[in-house]
Amino acid sequence: MTGTAERQAIALVDAVRADPSRRDELVPLLSERHPVHAGRSTAATARIRAWVLAACAEVGLPDEAVPFVREELESGIEAAPVAAAARAARSRPPLPDLEVLLLTAFASMRARDAPVSLASLRPGWPAPDATTALAELVATARWLGGRDDAPSLDRAAWSELDGSDLAPDVRRALGELLETVPEGHCCGAAPEAPTATTAPAVGIDLGARLEVVVEDHAGARHPLPDLLVGRPTAVAFFYTRCENPNKCSSTVTKLGHLQEELARRGADEVGLLLLTYDPAYDTPDRLSRYAEGRGLRLGGTARAGRAVQGHDRLDATLALQAGSAGGLVNRHAVELLLVDPRGTVAAAWSRTRWEPAEVADRLLALTPVPR
Amino acid sequence: MDPDEYRATYAAEMERARARSTASGDGPADPAVPDLLAGLGDRNLPAIERQAALTELRRQSFVAIAFRPHRPAYLALLRELVDTEAPPLLDDALEALALERDEHAQQVLVDGLRDPDRAKVGPARALELLSQDVHADHYDILEELADRDDDPVVRRLALRSLAADGDAVGLFQRIVSDPAEDTEARTISAVALQSLDREAFTSVAWDIVGDEGDDDEVRATCLTALGVDPAVTGGEGRGEQVQALRDTTSTPSLAKAAERFIETSPAEEGDPA
């Protein structure tokens, strides 16, 4: 690994390993906006994140790193960061919905498992500490099942995971896990559903003179405030070249479900705005095809668009959780903002799933400007 | 949301994922795969036998469900081969990993492009393998290679790989507009520019098409690309210009491109029948 940012990152991680009380200093390294990720490939930034999460596992996962762990387990598809997130989850009291996160990650990684070494940033192979994402997920389940401060594991759910498509060591680990969960044991108290987070964007006024011009899916250009002020609006970020089906494709599909939910409730005046992280590539035609191919009906108050002027300004103002290499996005979070009729960001989901019904509730609670 | 509903949502998704993973049939893994892995990893075997094992493993890896239990061990062994072996086994292992978009292989290839003393394969081969992943980590090197490398094959590969990079529009504009440039580099740049910046391409392309002193192959590529873009009407007089081109050029590819353009473009007022 070359470059000043990388050398500084290595030095910082080594320092925190030597002094775990500094663990909070690792958190910025997980953000897509950190210079260590700039210009790196998707695979390289995943490896860096895995290495940082593995360090968190050693020194204790900081509170502010919990959303990153949740995000990897909920929607990650790269073996190294998922494995590291599973390991990091064992370094603090159990997350309330950890079992569901582990089961979700297992389903995502079942066809994508790969060997992982978390001992160093640039491991050589053969790696003596080699593990896999599935192995780490099962290990965390076993850890969870042995805790007094967590509900019992859902034996049926874990039992159903077994199959001949799993590597022998994973099947063995699953068998050992099930031996620790007595027959008839099911889940304890159901976890709280995820809800809006306290993302940095909350409180930001997008209705002010923010010089951003959006070209929508029909090729029409609008100042961004014109698309937001006057009605509550859900703003989701995505890009058409995203290769993680759990992120952009899922986001746009769910936006379509949100649209249906709002229609069912007779909410005609709520806006839906899909903005791309990749304005150079995502032309109106690409935006239209992507959105409509996933069930989002564009037109009226539902738009997909790209910032043809001021994208960098928008990015900086909202601190969008996306990084890039060359002209391509290398990694991004799931991001959904709720903007009130004055144009102020009232709520945000960042790095976590959101459910259309809850988002609809929150949108409809935002008071429209009297006409 | 009610917590029970939340749990039910995840349970439904897990069920769908499980169904997808077994949809193709949950058949048994091929019993020969562990033997093949053992053979590939055995340094005491002749290289030709190890290569045969790798070839068979690569074939087996396409039978996704049946191969899945062996995939982590397979990838780990391939990475070991990349780190420790020599050609041709090294090259085969790199290729297999590159097709998997493996990060370790990508880093080895990028290291070699940045520092030729560390290169395990030549730059053209490295670019070819890295092109398997549009999200790979080498855009800064690609621009250098596309701009300055003396090897035309390397330049062309670099340009093709840059076709996904919105930051490379200026480079493509410069290359396609320069009659002194390599013809193939110009045609690659024309296609890439059209994909990345349609307006910039259209302007440059009409200039090239109208320049009788320019390379006819490049003119043909530009005209073909203009013809397949439904937003291009060409503007006043373009239809007549292209018809004249069709009627006067002696280059078959240019004549064909002109004919196709005429067939697919809407008629302009005053165009001859």
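The values are calculated or read from the model by the stated rules, or taken from the named source; none is laboratory data. Just so it is clear, the structure is predicted and the values come from calculations on it, not from any experiment. Neighbour counts run over all protein chains shown; Cβ positions are idealised from the backbone, glycine included. All accessible areas refer to the heavy atoms of the entire protein, side chains included, with ligands and DNA or RNA removed. Shrake-Rupley method; radii C 1.70, N 1.55, O 1.52, S 1.80 Å.
Whenever a residue of segment B:74-95 is within 14 Å of A:P123 (Cβ to Cβ), its partners that are of a type in the set (D, E), lying with C-beta atoms within less than 7 angstrom and at least six residues away or across chains, give the pairs B:L75/B:E100; B:L75/B:D102.
With the condition kept exactly as written, say whether any residue in segment A:268-291 is hydroxyl-bearing (S, T, Y) and more than 30 Å from A:V82 (Cα to Cα). Scanning segment A:268-291, I find at least one residue that is hydroxyl-bearing (S, T, Y) and more than 30 Å from A:V82 (Cα to Cα), so the answer is yes. Residues that are open to solvent by less than 60 Å² (accessible area, probe 1.4 Å), more than 13 Å from every other protein chain (Cβ to nearest Cβ) and under 15 Å from B:A32 (Cα atoms): does segment B:60-79 have at least one? Yes. Residues that are in contact with a Gly (Cβ under 7 Å, 6 or more places away or on another chain), closer than 20 Å to B:S195 by Cα and part of a loop (DSSP other than H, G, I, E, B) within segment A:279-304 comprise A:A280, A:Y281, listed in sequence order. Only one of the numbered conditions (1) in contact with a helix residue (DSSP H, G or I) (Cβ under 8 Å, 6 or more places away or on another chain); (2) under 25 Å from A:T276 (Cβ atoms) is not met by B:K256, and that is (2).
Quick one: how many residues across segment A:96-145 are among the hydroxyl-bearing types (S, T, Y) and more than 8 Å from every other protein chain (Cβ to nearest Cβ)? Full working, then the answer.
Going residue by residue through segment A:96-145, those that are among the hydroxyl-bearing types (S, T, Y) are A:104, A:108, A:117, A:120, A:131-132, A:140.
Of the ones still in play, those that are also more than 8 Å from every other protein chain (Cβ to nearest Cβ) are A:117, A:120, A:131, A:140.
Here the count works out to 4.
Specify which of the listed residues (A:E269, A:E243, A:E261) is of a type in the set (D, E) and under 26 Å from A:A105 (Cα atoms).
A:E243
Residue pairs whose Cβ atoms lie under 8 Å apart, sitting 6 or more positions apart in sequence or on different chains, and linking a residue in segment B:144-156 that is in contact (Cβ under 8 Å) with a residue 24 or more places away in the chain to a partner that is part of a helix (DSSP H, G or I) and open to solvent by 60 Å² or more (accessible area, probe 1.4 Å), are B:L145/B:P123; B:D149/B:P123; B:D151/B:P123; B:P152/B:E184; B:V154/B:P123; B:R156/B:E184. Within segment A:342-361, being outside any loop (DSSP other than H, G, I, E, B) and of a type in the set (V, I, T) holds for A:T344, A:V345, A:V359. Annotation: of all residues in segment B:117-140 being surrounded by fewer than 19 Cβ atoms within 10 Å (Cβ to Cβ) and at pLDDT below 90, the one that is farthest from A:G327 (Cα to Cα) is B:Q132.
With the structure loaded, tell me whether A:P81 is part of a loop (DSSP other than H, G, I, E, B) and of a type outside the set (S, T, N, Q) or whether it fails that test. It is false that A:P81 is part of a loop (DSSP other than H, G, I, E, B) and of a type outside the set (S, T, N, Q).
Output the helices (runs of 4 or more DSSP H) that fall wholly within segment B:94-204 and possess 2 or more residues being under 28 Å from A:V308 (Cβ atoms), away from chain A (no Cβ under 11 Å) and within 19 Å of the chain's Cα centre (by Cα), or say none.
Working: elements: B:103-114, B:123-130, B:139-148, B:152-162, B:169-177, B:183-196.
Per the criteria, B:139-148, B:152-162, B:169-177, B:183-196.
Pairs are defined by a Cβ separation below 6 Å, a sequence spacing of at least 6 or placement on different chains, a first member in segment A:234-254 that is away from chain B (no Cβ under 13 Å), and a second member that is small (G, A, S) and assigned to a helix (DSSP H, G or I); the pairs so defined are A:K247/A:S75; A:V252/A:A291.
All conditions in (1) more than 30 Å from A:R47 (Cβ to Cβ); (2) in contact (Cβ under 8 Å) with a residue 60 or more places away in the chain; (3) assigned to a strand (DSSP E or B); (4) out of contact with any Asp or Glu (no Cβ under 6 Å at 6 or more places or on another chain) hold for A:S324, with the sole exception of (1).
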